[in-house]
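First up is the structure itself, then whatever we jot down about it.
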Amino acid sequence: MIALRRQLPLLITMVTGLVMAGQYYVPHPASEQLLTTVTKWLQIIGGFALVLGITSLFHVHAAKIRRKEAGWGYSLMLYAGMLGTIVVGLWNGGKESIDGAMTSFGWVYSYTLVPLQGTMFAILAFFIASAAYRSFRARSREAAVLLIAAVIVMMGRVPLGEYLLPISGDLSSWILNVLNASVRRAILIGVSLGAVALSFKIIFGVERSYLGGGKE
Amino acid sequence: MTFAERMLRIDRRIIFLVIGLCTLFPLLFPVGLPIRISSEVRGVFDYIDNLPEGSVFLLSLDFDPASKPELYPQAIAILRHAFNKNVRVIAMTLWVSGTGLADSIVSQTAKEAGKENGKDYVFLGWSPGGSAVILNMGQDLYTAFPADYGGKATKGLPVLAGVQNLRDVTYAVSLGAGNPGVEAWYVFGKDKYKFELGGGCTGVMAPGLYPLLRSGQINGLIGGLRGAAEYETLIGQKGKAVAGMDAQSATHLAIIVLVAICNVFYFTMRRQQRRQERMGS
Amino acid sequence: MPSLLRIVPLIAVLLALMPQILWAQTSLAPPQQLHVFDTPSDGGGSLTATWASSASDRAAGTYQVLFHEGAPPPDQTGWKVLAEFPANSHFVREAKAAWWTSPGPPGDHVYFIKNGKGIELKPGHAYAVTVAAVNGQERSIAQPVVASPEPNWMNWNQLNNLVLALLFGAVVFYAINLAKRKEIFLRRIPGLDAVDEAIGRATELGKPVLYMTGAHDMNDPATIAAAIILGRVAKKAASYETELLVPHREPITMAVCQEITKQAYLEAGKPDLFKDDANFFITSDQFSYTAAVDGIMLRRKPAANFFMGSYFAESLLLTETGASTGAIQIAGTDSDHQLPFFVTTCDYTLIGEELYAASAYLSKEPIQVGTLRGQDLGKAFILGVIGIGTLLATIMVVTGATWPQLLLDLFKDLK
């Protein structure tokens, strides 16, 4: 039983990990075919996993409705919204428009999803401003440097900024292209080494806590 | 609590109101400040501009409605340019929630340019698999997309004549709002199947893609609304992005002023605290 | 009759040499030492042609690469012109190849015939290729060569990549062994020191702890690292008897995290406190998920928010809402583009690889700590390579020497 729970997953991880790492160095079409097949498997597993996710979602909200917890009306809305969209989607074969004419599913898409998502994204601008007001303080010399760089980039990225301070355009390009790009590369090198080391640990079974924590 | 401290803890809804007004007024009363063209946007423009007639241009609209304000104007401007140059346009998306939006963008611009579906352009729609779709297209475009968004078989479409896989694409541009997006098109597309690649993204993502640009992995980058405005200026058809630049100018300036005010209050508060400490000791 | 039989081969030889004889009448010499062969290290859709450069190579003249499916065509009109370029271009030294996979001497000309753009090379099929030197109206064709493309099992261009990866792996395992024998110093990571404090505060206030694993699935090392840290956080939350909420964007990650949380409660000796729905799925859509989590933050007012893993534009929407509820916020991400937002709005931020270092820091196990030392050695190596590489490249540009290229190639990304 322990072998099934611990050893078998570790063995599968090791074999697939090594095969997929090796695949990168093999240009043969068979290798590319393997990559495509594995990705398709992942898609299929992902499809089944979605059932798991939706079950969890339904379960959590059904419990809320049953127990009449605070805000249970929202859970009811979730059920209505989800089932309603599924029905309308199936009715129109998942098409937002047919021969240029908008379907009812297209209506749901254009007049609920599009404005709702747009609204959420637009809130970013407000949050950026409030976060900047709260946090952009020249508490130290380093913070002051960051502050100045941020102001230059903000000026340089809009016509009004360039109009008021003509050099800000070139300066912001330099900051983005040289300072920003080099720092990001440095972070990326660290991240990549960390990711490779973690992958090695997982492939060779050194790191196993992702299987459910604990030691044997 | 001193005045400075009170101002530093100002209700954030006041800040929201300032930003809201700074966005609204320029949209109602546009000024139309001149827009300087950056080399990264020119990179994409020049490449499309120099494509011979009939070349295969692939546009992947990898975004959902959330990023519409920034990427929609980019897509419209690029498509107008491509249709104007009479290149064959293959449009698609890797984001399922962006399919409807992508379809409306492509059909709207094609109609405007008088282009025929299947002959001058095709919208392939969405196929499951995220980045794996790029790999599938690299092997065989017709396996990845057996039918276009309208359900017509892709094999035999005049616009795809001579196109078997991604190797037959002359230029590809991914307008990405996340993953899969520009990076995925480089790693799984250009790197493997050797076509030229350009990118477009939201303003927040642009700094993150500069390393790709600097290393030549992409030949140009359209960043956010600003990038879209530059592209609109380059093709001489000013649209939503140029109109939005005044609003963006005003909000950037408002944030700069807010940050300056916050620092003034911060230093005032610090000075007061130091004075109190000195008096206390 | 026998004499006639003797004449036939002679005539055949003469006919075969006819083009050479005819070409010999022009002043233009045909390209010499033409080699056409399967391009090594590829999937089988390419041929490589190399030929010696000539003293008369200049921009005014051109080379034409001619192609024919199967054997050479019976007459010159049968050739398909694949490419035409100035005679002083397409040298081996310009091709992006390392010295160990170079198709020929640096001074030779090279052309790669690839699949696509009107031609389709099938593995195992024979193709005739030749090169013509052209100068105005004059054209001189080299002896055609027949070759067939074959798929290869190893991309030798990436040999350096493989060797470096194996070397790095060996260094990591060496460092792990070293860490088992002697203690290795770990610098403080304030964000991880604050984990206990944050959970403690939630316990004092009687409020839940909110933990997020990011936008990606279990394919991403950042999500795996986030899941590993969740184990430690869940164990601490269990021992303090504090409620844990883990909303997910990805069902498989949810299933894995459920197991991890269950194990953590078991290890803490509080299996009865474990709730199956502590880990729950919301949606895989970015902003719908954000709206739902923001709602949880505003209604449940968690005292501690953890943002681990990969994030996109939702990061600020989540952290700014969290900040407005007064929660202690700890973020850890390898999404460098979102770091400014996390740094601005969170109390502590694990930057880049600190996220991967977290499990080592929290457990202090030699295996984990040794891995960190291995990473440090890898970084030191890369730093050294950058320094020496810059110096060598400068020497190469200033002096025109070619020897630094031999070393520089070792660290080039070749596909």
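When ligands, DNA and RNA are left out and all protein chains stay put, how many square angstrom of accessible area per residue does the protein assembly as shown have with a 1.4 Å probe?
Computed with neighbouring chains in place, this is 46 Å² per residue.
For chain C, what is the charge dipole size about the Cα centre, in debye to the nearest 20, if Lys and Arg each add +1 at the Cβ and Asp and Glu each add -1 at the Cβ?
On the way: 31 positive and 39 negative charges, 143 e Å.
Roughly 680 debye, rounded to the nearest 20.
Once ligands and nucleic acids are excluded and a 1.4 Å probe is used, how much of B:Met279 is accessible, expressed in Å² to the nearest 10?
It works out to around 150 Å².
Provide, for chain B, the number of lysine pairs with alpha carbons under 16 Å apart, each pair being eight or more places apart or on different chains.
Working: B:Lys68/B:Lys240; B:Lys85/B:Lys111; B:Lys85/B:Lys115; B:Lys85/B:Lys119; B:Lys111/B:Lys119; B:Lys119/B:Lys152; B:Lys119/B:Lys155.
Close lysine pairs under the 16 Å cut-off: 7.
Based on Cβ point charges of +1 for Lys and Arg and -1 for Asp and Glu, what charge dipole magnitude is obtained for the stretch C:29-147 about its Cα centre, in debye rounded to the nearest 20? Numbers along the way, then the final one.
Numbers: 8 positive and 10 negative charges, 35 e Å.
That gives a dipole near 160 debye.
Distances over 14 Å make up what percent of all Cα-Cα pairs in the stretch B:188-251?
Above the 14 Å cut-off, the stretch B:188-251 has 62 percent of its Cα pairs.
Sort C:Asp334, B:Asp46 by heavy-atom solvent-accessible area, probe 1.4 angstrom, most to least.
The ordering from most to least exposed comes out as B:Asp46, C:Asp334.
Using a 1.4 angstrom probe on the protein heavy atoms only, could you order A:Ser104, B:Ser55 from most to least accessible area?
These residues rank, largest area first, as A:Ser104, B:Ser55.
So what is the relative contact order of chain B, in percent, for Cα pairs below 8 Å that sit 6 or more residues apart?
In percent, rounded to a whole number, it is 26.
For the stretch C:198-217 and the stretch B:199-228, compute the distance between their C-alpha centroids and round to whole Å.
35 Å
Please go through the stretch B:1-32 and write out the trypsin sites (Lys or Arg not before Pro) that DSSP classes as loop and that have at most 14 other C-beta atoms within 10 Å.
Listed in order of number, the matching sites are B:Arg9.
Going by the alpha-carbon gyration tensor, a ≥ b ≥ c the square roots of its eigenvalues, is the stretch C:198-298 rounded (a/c under 1.5) or, if a/c is not under 1.5, prolate (a/b greater than b/c) versus oblate?
oblate
Which of B:Arg214, B:Arg271, B:Arg36 moves most in a GNM of chain B, Cα contacts under 10 Å?
Maximum fluctuation in the GNM of chain B, among the listed residues, is at B:Arg271.
Strictly greater than 35 Å: what percent of every Cα pair in the protein assembly as shown meets that?
Summing the P(r) of the protein assembly as shown above 35 Å gives 59 percent of all pairs.
Give me the Kirkwood hydrodynamic radius of chain C in Å, from all C-alpha pairs, to one decimal place?
So the Kirkwood estimate lands at 27.1 Å.
If C:His125, A:His59, A:His28, C:His109 are ordered by their accessible area, calculated over protein heavy atoms with a 1.4 Å probe, which sequence runs from highest to lowest?
These residues rank, largest area first, as A:His59, C:His125, A:His28, C:His109.
Pick out which of C:Ile330, C:Ile141, C:Ile229 has the largest mean-square fluctuation in a Gaussian network model of chain C, springs linking Cα atoms closer than 10 Å.
For chain C, modelled as a Gaussian network with Cα springs under 10 Å, the answer is C:Ile141.
Work from the charge dipole of the stretch C:190-309 (Cβ charges, +1 for Lys and Arg, -1 for Asp and Glu, about the Cα centre) and give the residue of C:Gly206, C:Ala225, C:Gly295 farthest towards its positive end.
The Cα lying farthest towards the positive end belongs to C:Gly206.
To the nearest 10 square angstrom, how much accessible area does C:Thr101 have with a 1.4 angstrom probe?
30 Å²
For chain B, which semi-axes, largest first and in whole Å, follow from the square roots of 5 times the eigenvalues of its Cα gyration tensor?
45, 20, 17
For chain C, which DSSP H helices look membrane-span-like by this rule: Cα extent along the axis of 18 Å or more and mean Kyte-Doolittle of at least 0.5?
C:2-24, C:159-181, C:221-239, C:366-399
Got a sec? Charge dipole of the stretch A:138-216, +1 on Cβ for Lys and Arg, -1 for Asp and Glu; which of A:Phe200, A:Gly161, A:Asn180 is way out at the positive end?
Farthest towards the positive end: A:Phe200.
I'd like the orientation of helix B:240-280 relative to chain B: the angle between its Cα long axis and the longest Cα principal axis, in ° from 0 to 90, rounded to 10.
Long axis of B:240-280 versus the principal axis of chain B: about 30 degrees.
In chain C, once you exclude exposed GluC sites (Glu not before Pro) (DSSP loop, at most 10 other Cβ within 10 angstrom), what's the longest stretch remaining?
After excluding every exposed loop site, the longest remaining stretch is C:1-182.
Hey, what D do you get for the stretch C:355-415 in µm²/s if you plug the Kirkwood alpha-carbon radius into Stokes-Einstein at 37 °C and 0.692 mPa s?
For the chosen part, D equals 235 µm²/s.
Which value, in Å² and to the nearest 10, is the accessible area of A:Tyr109 when all protein chains are kept and the probe is 1.4 Å?
Approximately 20 Å² of A:Tyr109 is accessible to the 1.4 Å probe.
What's the FRET efficiency of A:Thr37 with A:Ala101 using the Cβ-Cβ distance as r and R₀ = 41 Å, to the nearest 0.05?
0.55
Mind pulling the angle between the C-alpha long axis of helix B:68-84 and the longest principal axis of chain B? Nearest 10 degrees, somewhere in 0 to 90.
The helix B:68-84 is inclined about 40 degrees to chain B.
May I ask you to derive the relative contact order of chain C, considering only C-alpha pairs under 8 Å and at least 6 residues apart, and to give it as an integer percent?
15 percent
Between B:Glu196 and C:Arg181, what FRET efficiency comes out of the Förster formula 1/(1 + (r/R0)^6) with R0 = 51 Å and r the beta carbon distance, rounded to 0.05?
Details: r = 53 Å, r/R0 = 1.04.
Computed FRET efficiency for C:Arg181 and B:Glu196 comes out at 0.45.
If you take the Cα atoms of the stretch A:1-81, find Rg, then find the Kirkwood Rh from the mean of 1/r over all pairs, what is Rg/Rh?
Reported Rg/Rh (Cα atoms, Kirkwood Rh): 1.26.
Report the Stokes-Einstein translational diffusion coefficient (µm² s⁻¹, integer) for the stretch A:136-216, Rh taken as the Kirkwood radius over Cα pairs, at 37 °C with viscosity 0.692 mPa s.
205 µm²/s
Can you pull out the trypsin sites (Lys or Arg not before Pro) in the stretch A:4-99 that DSSP calls coil and that have at most 13 other Cβ atoms within 10 Å?
Those that pass, being in a loop and sparsely packed, are A:Arg67, A:Lys68.
Could you work out the relative contact order of chain A, using alpha carbon pairs under 8 angstrom and six or more residues apart, expressed as a whole percent?
Values: 90 pairs, mean separation 35.9, N = 216.
Rounded, it is 17 percent for chain A.
The values are calculated or read from the model by the stated rules, or taken from the named source; none is laboratory data. Note that this is a predicted model, so its numbers are computed, not measured. Note that each Cβ is placed from the backbone with ideal geometry, even for glycine, and that neighbours are counted across all protein chains shown. The protein model used for the area step is the full one, side chains on, heavy atoms only, and it has no ligands, DNA or RNA in it. Shrake-Rupley method; radii C 1.70, N 1.55, O 1.52, S 1.80 Å.
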